[in-house]
C-alpha cells in the first residue's frame, strides 16, 4: 500500500471525512443536545419537582440500544508480537523540549555572598563579597566582584609555633584583605530536582574565570628564643597589591523570577612575595635560600579555595 | 365611645404589622439578617396589608441572600417575579434572582424563569443585569435549537454589547451557533471577538471565569482552523496555514488548566494532518503520563498513536500500541458494561450518582466503575455544576436547622422546598451520570472497533511485507539524533521512562518512516 | 474522530459565572486579543512560519498555571530505591590533611526505607601515615616529652579499621544535562552517624641516624567516632551508580595536648579526619 492509499484508508477508517461523523463525534453532539432535558418550560426545581426528569428516558433508551456489544470487539486480539504494558522508552527516541524554569537573559543580578576558605592550612580567610552580574545571554554572563576578606593564621600555625617553635615560609603566611575583580561565567549545565518528593526546582551549574586585584599583607611572626614563646603580631603589615586569577564553579538556583541562591567554589591564585633580609628577617623568620649572601624573598603561589554562598536578586 | 374602641381595635393589628415590618427592616439595616428574616416571615405569613407582605417577601429574600441562603432566596424571588411587573419589586427581584442563580451555579431554574417571564418590563433593568438576562435567554434558546432567536439575544447592538461582562461568553455562544450552522468563517470571526472581549475582561479584573472563557475562545479558534484545514486538505497551502494556526492556538492553552488535556490531544491530530508524526506522537505521550492517564479517558489517543505508526509502516509498534490499548481499556469495557446492567431494581436513579462518587475516591481496584471512566464523568462541567448545586442545597439545609430563630414554620417551609428540589434533582443527577457512562461505553466501543480495524489492516500489511521478505519486527531500533533546540530559553531532555511534571505537554518523538514505496 | 467544536458547550460552565476570588499575578498572554490585534479571519504572523522556531517562541508567551496541589513532581522514577538494598564499594582518601594522610577502602550496605530515608552500615580500612609537614618537624622541631606532653603536637593519631553506621536523608532527586547532550540522574544525600575505629599513633624514632615517625604500640587502641557526611549518587545504568561522599570523622586522640605548651593548660585532642569516598554502588 503506498502513501496515497494509506491516506485514503485512514480517512475512511478514522472518520476524517467530514460527511459522516464517527460515533464518537455524534456522541459529542449528543452530549450537547441532551441538554434538551432543559427544554421543558418549567420553573425548574424551585417550583416544579418533576421538571428535570421529563424527556430523558426515551432519548437515552435509543442510544443504549444502539451500543454495539463491546466484548466481541475486545475479544479479538492478535497473539503475534503484542507487548502488553508500558512501552520500553529506550526503543523510541522521545524527548522533551521544554521551557526553562527561569529566564536570565538580558537581566542584571546582585549577589551578596559570605565567603570562607575551605583548604585552610596555615592561613584561613572569611569575609564577604558583593557581586554584580549582567547576563547577556541565558548561559553567558559577566560579573564584577568587590569585597573584603579577614585573614588569620590557623591553629596548625599556632601549634607549630607554640609546640615546635616552627614557622612555615613567609609566603605561606600571606593574607588577603580587600578584593575586586571581573570574571566571565558560562552555564553549560542545567538541571532540575525534586525536593522531598514535593517541590520542583531548577538550577544551572556554571563555571567562571577571571582576574582581579587584592591587597596582600602579613602579620609578623616571631619565633621564640631559647625557652621563650613565639609570637604573632596583631598588626597587619601590607605587602604589594597583587593580581589574582580565579577559577571556579557554582550552582545557581532560583525560587522565583527575582530571587534565588548561589553557591560557588572558587580558587583564587595569587603569587605572594614576602621580603627577606631588609628588615632583619622580621617578616620572614624562616630559613630561605641565600643568593650571594643575601636572604631571598619568600615567594609562593597561594591557592585560596573559597566557598561562597549568598542570595541572588535578579532585576 | 364604643365606636372609638371599635376603631382602635381595628387599628391595633394594622399598626402592629407595620411595626413588625419596621422592626424587621431595622434589623436588616443593622445587618442582623437572621432576626430580619424571622421578622419578615412573620409579616409575610400573618400580615394583613398586602403591600407589607410584598415588601416583607422581597426584603426577606435579600436578607437570605446576605446570609447565603441562596436557594431559599431564589424561591421567594421567583414568587415576586411570577407576580408580574405590577409587583413593585419586580425589576429588582430579577437582578437578585440572577445573583442567587450565580451562586448556586444553576443552569436550569433561573434561565427558564427568565426565559418565560421575559417582557417589556425587562427594559427597566440596569444594563449589566439586562446583558446577563439576554445571555441566559440565548442559552435557553440555544438548547432548544432556536438558533436564530438565540442570535437575536446575543446581538452586539440589541443584545449583549461589546465591553459588557457577558460579552465574551455571548460572542463565544454566537460562535457555537455559527458552527451549528456550518458557517466556519463566521464562527472564526466570532471566536476571535470572544477572545478580544475575554482579554479585555481579564485586563479589567482576572477571574477563573474570564480565564475559562479566554481558553475556550482559544480552543474554539483552534478547532475552526482545524476544520478549515481538514476540509482544504494538507496538500493545499491554505489548508496547511489553517492547520498551523490550529496548532498555534492549541499551544496557547496554558498548562495545568482544565482544557489543557483536550488541547494536547487535539493538537496531536493537527500534527498528524501536517505529517508531523513526531509531534503528534509526543502529544499522545503526554497524555499517557499518569497525570492524565489516571484522571481522564483518552482511549482515542491510542488510536492516534497507532495511526501515526501505521503511516510510518512500523507494524511492530502498531501492535505494541494495540497491546497498550488492551492493557489500559481492555478490562474497562466489560467492567463498565457489567456495571451499567447491575443497578438493583429497588434502588432509585440516585444510585448511579452514589456509585460514581465511591468510584472516584477510593482505590482503583475496589471501584465498581473503572476509575478513569468515573473520573472522566466527574470532570464533566455539567455534572460538576449540578453536584455543586446539590451540595449547596445540603449545606443550606444544615444552616437552616442550626438557626433557632428559623425553627418552626419558616424552617419547615424552606426545608420542604429543598427536599422537593433535591427529590427532583437527585434522580436527574443519577440519570445524567448513567447517560455519561453509557456515552463513555459507546466511545470505548468505538475505539475498540477502530483498533480492530487497524489490527486487521496491519495484519494485511505485514503479510504483504513478509511475502516480500521484509523485516516486520525489530528488537531494537537505533536512537535517532538529538532534535533542534530552538533557543537558550528551552531545555532538551531525553525521555527514558520517567515523567517530570514540568515536561508534560512538551514531548516529541523522533520517528523515521520505514515505508518502502 | 475529532471532537467537534460544539463539544465546548457541554464542557464549559460558560452558562453561569461562578463567583470566585480574583487571582493575583500579572495578566496572561494577550494573544489575538490585546486591543484587538487580530482581525477576524486573519492568520497570526507567528503561525505562518514553516519552521518549528516560531511556534516555540510563541510558547514562551503563554502564562502557565501551577500544577494542582499534591501533584507528584516525578512519576515512574527511573531509578527507584524504595525498600531496596544498596551495596557500595569505594576508595576513600583523606583531604584537608593536618599531620596525617589516609587512604583506603570502604564497604557500605544501605537499606532505603523509602525514597527519602535510609540506613547505612559501613566498614573499611584506612592506611594512615605522617605527611610531609609532620615529617619536617622531625628535622627542625623540638622533641615531644610523652610524660608531660610538652612540645607534643596534637592530632598525631591515625585511623585504621573502622565500623559504623549512618542515618541518611536523601531529599534531592534530580537530573542534569551536560550541554544538551548527556542527561544524568542523581540523588543528593546527607547523614549523621557514628561508629568505632582502630586508633594508632606516631612516635619519633631517631635511632639509626635518620629521624622518622613510626607507629607507637602504646598509642594503639579503639576510639569511638561520630561522623557527618554529604554526598551525591550519579546513576550510570539501571541500578549502578557512582557514589561520591564527603565525610568528617570526629574522634578523640589518645592523649591531650597543651595549649600554649603550658602544662597547666591540657586540652582533649579532638581529631577531625575529612575524607572523600569514590565508589560504585549497586541497588539490589
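Just a few scattered comments:
- Residues that are in contact with a strand residue (DSSP E or B) (Cβ under 8 Å, 6 or more places away or on another chain), touching a residue at least 24 places away in the same chain (Cβ under 8 Å) and facing chain A (nearest Cβ under 7 Å) do not occur anywhere in segment B:450-470.
- Yes/no for residue C:200 being at pLDDT below 95 and more than 14 Å from every other protein chain (Cβ to nearest Cβ): yes
- Scope segment A:171-198; condition surrounded by fewer than 20 Cβ atoms within 10 Å (Cβ to Cβ), within 7 Å of another protein chain (Cβ to nearest Cβ) and outside any loop (DSSP other than H, G, I, E, B); matching residues: A:188, A:195
- Condition met for residue B:171 (over 29 Å from residue B:231 (Cβ atoms), buried (at least 19 other Cβ atoms within 10 Å of the Cβ) and under 20 Å from the mean Cα position of the chain (by Cα)): no
- Test: residue C:232 is over 24 Å from residue C:128 (Cα atoms) and assigned to a strand (DSSP E or B): yes
- Residue in segment C:189-196 that is under 18 Å from the mean Cα position of the chain (by Cα) and closer than 30 Å to residue B:490 by Cβ present: no
- Any hit, segment C:259-276, residues being in contact with a helix residue (DSSP H, G or I) (Cβ under 9 Å, 6 or more places away or on another chain) and crowded, with 16+ Cβ neighbours inside 10 Å: yes
- Being out of contact with any helix residue (DSSP H, G or I) (no Cβ under 9 Å at 6 or more places or on another chain) and either buried (at least 19 other Cβ atoms within 10 Å of the Cβ) or within 14 Å of chain A (Cβ to nearest Cβ) (or both) is not true of residue C:85.
- Unique residue being within 30 Å of residue B:261 (Cα to Cα), facing chain A (nearest Cβ under 7 Å), touching a helix residue (DSSP H, G or I) at 6+ places or on another chain (Cβ under 9 Å) and crowded, with 18+ Cβ neighbours inside 10 Å when the list is B:438, B:479: B:438
- Restricted to segment B:262-318, the set of helices (runs of 4 or more DSSP H) holding at least 3 residues that are more than 11 Å from chain C (Cβ to nearest Cβ) and in contact with a helix residue (DSSP H, G or I) (Cβ under 6 Å, 6 or more places away or on another chain) comprises B:277-287, B:299-311.
- Filter pass, residue A:246 being surrounded by 17 or more Cβ atoms within 10 Å (Cβ to Cβ) and at pLDDT below 85: no
- Within segment B:487-499, the set of residues being at the interface with chain A (Cβ under 7 Å from one of its Cβ atoms) and free of Cβ contacts under 8 Å to residues at least 60 places away in the same chain comprises B:488, B:489, B:490, B:491, B:492, B:493, B:494, B:496, B:497.
- Matching residues in segment B:91-112 - criterion: being more than 11 Å from residue B:78 (Cβ to Cβ) and either touching a strand residue (DSSP E or B) at 6+ places or on another chain (Cβ under 7 Å) or within 7 Å of another protein chain (Cβ to nearest Cβ) (or both): B:102, B:103, B:105, B:106, B:107, B:108
- The listed residue being crowded, with 21+ Cβ neighbours inside 10 Å, at pLDDT below 90 and within 14 Å of chain C (Cβ to nearest Cβ), out of A:155, A:168: A:168
- Of the residues making up segment C:124-141, those that are surrounded by 15 or more Cβ atoms within 10 Å (Cβ to Cβ) and under 26 Å from the mean Cα position of the chain (by Cα) are C:124, C:125, C:126, C:128.
- Whichever residue in segment B:197-217 is within 7 Å of another protein chain (Cβ to nearest Cβ) and buried (at least 24 other Cβ atoms within 10 Å of the Cβ) and, among such residues, is farthest from residue B:145 (Cα to Cα): B:199
- If you go through segment B:327-364 and pick out every residue that is part of a helix (DSSP H, G or I), touching a residue at least 12 places away in the same chain (Cβ under 8 Å) and within 15 Å of residue B:299 (Cα to Cα), you end up with 5.
- Looking across C:254, C:248, C:259, C:269, one residue alone is closer than 23 Å to residue C:93 by Cβ, touching a strand residue (DSSP E or B) at 6+ places or on another chain (Cβ under 9 Å) and at pLDDT below 90. It is C:269.
- Residue match in segment B:370-391 (condition: surrounded by 15 or more Cβ atoms within 10 Å (Cβ to Cβ), modelled with pLDDT of 90 or more, outside any helix (DSSP H, G or I) and more than 21 Å from the chain's Cα centre (by Cα)): yes
Results for (1) closer than 30 Å to residue B:32 by Cα; (2) assigned to a helix (DSSP H, G or I); (3) touching a helix residue (DSSP H, G or I) at 6+ places or on another chain (Cβ under 6 Å); (4) more than 7 Å from every other protein chain (Cβ to nearest Cβ), shown as yes or no for each residue.
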{"position": "B:397", "(1), (2), (3), (4)": "yes, yes, yes, yes"}
{"position": "B:401", "(1), (2), (3), (4)": "yes, yes, no, yes"}
{"position": "B:413", "(1), (2), (3), (4)": "yes, yes, no, yes"}
{"position": "B:419", "(1), (2), (3), (4)": "yes, yes, no, yes"}
{"position": "B:429", "(1), (2), (3), (4)": "no, yes, yes, yes"}
{"position": "B:433", "(1), (2), (3), (4)": "no, yes, yes, yes"}
{"position": "B:443", "(1), (2), (3), (4)": "no, yes, yes, no"}
{"position": "B:448", "(1), (2), (3), (4)": "no, yes, yes, no"}
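- Selection count, segment A:99-122, where residues are at pLDDT below 90 and assigned to a strand (DSSP E or B): 1
- Considering B:129, B:140, the condition of being surrounded by 17 or more Cβ atoms within 10 Å (Cβ to Cβ), within 11 Å of another protein chain (Cβ to nearest Cβ) and touching a helix residue (DSSP H, G or I) at 6+ places or on another chain (Cβ under 6 Å) is satisfied by B:140 alone.
The values are calculated or read from the model by the stated rules, or taken from the named source; none is laboratory data. Computed from a predicted structure; not experimentally measured. Positions of Cβ are backbone-derived with ideal geometry, glycine not excepted, and every protein chain shown enters the neighbour counts.
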